[in-house]
Amino acid sequence: MTQNIDNLHQEAGSKRVIAVHGNAERFVCTKFTCNTLVDADYVRKYPEVVPKCPQCQSILKPDVVLFGEPIQNHRQARDTILSADVLVVIGSSLTVYPLAGFIGEYCASRKTFIIINKGPTALDHLSTVKLETNHTGDALEKIYNHL
């Protein structure tokens, strides 16, 4: 699960990514009944400044959650977090809701919750293990080698 919109998890080879804030490499039609998705190449090649939907000619917007909009895949994100045996959060302040709320729900079940982060988070007090590091990749490599 990621709040990032840059598609880097997918490019790195992650197979099951739940992008709750969308993906900046896709654009969606703003017409409520259309829902056409196009990739960023379509928009980059579009001959006008404001790209239009190839189906209905309405305006396209990045397929990302803008301020005040609900997250994408809400139920899937919540269900995935709550069903985890171990939850590891990496590089997050844990202040963005509703995801921080899902983590709070998860912790109420007394399951293992690990935070790997540079600096404090809003949910440090709920963690089973908190690893402070400037290089999360190094910490993950040590954990992987240990397993």
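The values are calculated or read from the model by the stated rules, or taken from the named source; none is laboratory data. Remember, it's a predicted structure, so these values are computed and weren't measured experimentally. Because the Cβ atoms are built from the backbone with ideal geometry, glycine has one as well, and the counts that use them run over all protein chains shown.
If Pro120 passes every condition in (1) in contact (Cβ under 8 Å) with a residue 24 or more places away in the chain; (2) part of a loop (DSSP other than H, G, I, E, B) but one, which one does it miss?
Exception for Pro120: condition (1).
Tally the residues that are surrounded by 12 or more Cβ atoms within 10 Å (Cβ to Cβ) and free of Cβ contacts under 8 Å to residues at least 40 places away in the same chain, restricting the search to the stretch 1-23.
Number of matching residues: 7.
Output yes when any residue across the stretch 66-73 is within 13 Å of the chain's Cα centre (by Cα) and either of a type in the set (Phe, Trp, Tyr) or assigned to a helix (DSSP H, G or I) (or both), and no when none is.
no
Within the stretch 24-40, can one find any residue that is touching a residue at least 40 places away in the same chain (Cβ under 8 Å) and either in contact with an Asp or Glu (Cβ under 7 Å, 6 or more places away or on another chain) or assigned by TED's automatic domain parsing to the domain that holds Arg78 (or both)?
yes
Within the stretch 29-65, can you find the residues that are assigned to a helix (DSSP H, G or I), in contact with a strand residue (DSSP E or B) (Cβ under 9 Å, 6 or more places away or on another chain) and over 18 Å from Asp6 (Cβ atoms)?
Tyr42
For Ile71, indicate whether it is in contact (Cβ under 8 Å) with a residue 40 or more places away in the chain and farther than 30 Å from Thr30 by Cβ. Break it down into steps so the answer makes sense when it comes.
Values: in contact (Cβ under 8 Å) with a residue 40 or more places away in the chain: yes; farther than 30 Å from Thr30 by Cβ: no.
So Ile71 does not fit the description; no.
Across the stretch 82-97, what is the number of residues that are more than 18 Å from His125 (Cα to Cα) and touching a strand residue (DSSP E or B) at 6+ places or on another chain (Cβ under 8 Å)? Spell out the reasoning first.
Kept after step one, since they are more than 18 Å from His125 (Cα to Cα), are these residues of the stretch 82-97: 82-85.
Imposing the further condition that a residue be touching a strand residue (DSSP E or B) at 6+ places or on another chain (Cβ under 8 Å) reduces the set to 85.
Number of matching residues: 1.
For residues that are assigned to a loop (DSSP other than H, G, I, E, B) and of a type in the set (D, E, K, R), tally how many sit in the stretch 96-117.
Within the stretch 96-117, residues that are assigned to a loop (DSSP other than H, G, I, E, B) and of a type in the set (D, E, K, R) number 2.
Yes/no matrix, rows are residues, columns are (1) in contact with a Lys or Arg (Cβ under 9 Å, 6 or more places away or on another chain); (2) at pLDDT 95 or above; (3) within 28 Å of His125 (Cβ to Cβ):
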residue	(1), (2), (3)
Asn4	no, no, yes
Lys15	no, no, no
Gly22	no, no, no
Asp39	yes, yes, no
Cys56	yes, yes, no
Leu60	yes, yes, no
Gln72	no, no, no
Arg78	no, yes, yes
Leu99	yes, no, yes
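I want to confirm something. Restricting to the stretch 74-116 and keeping residues that are among the polar types (S, T, N, Q) and over 16 Å from the mean Cα position of the chain (by Cα), which single residue is surrounded by the most Cβ atoms within 10 Å (Cβ to Cβ)?
Thr112
Given the condition without any contact (Cβ under 8 Å) to a residue 24 or more places away in the chain, of a type in the set (Phe, Trp, Tyr) and over 30 Å from Ala139 (Cβ atoms), answer yes or no: does some residue in the stretch 78-100 qualify?
no
Yes or no: Val38 surrounded by 10 or more Cβ atoms within 10 Å (Cβ to Cβ) and touching a His at 6+ places or on another chain (Cβ under 6 Å)?
The answer is no for Val38.
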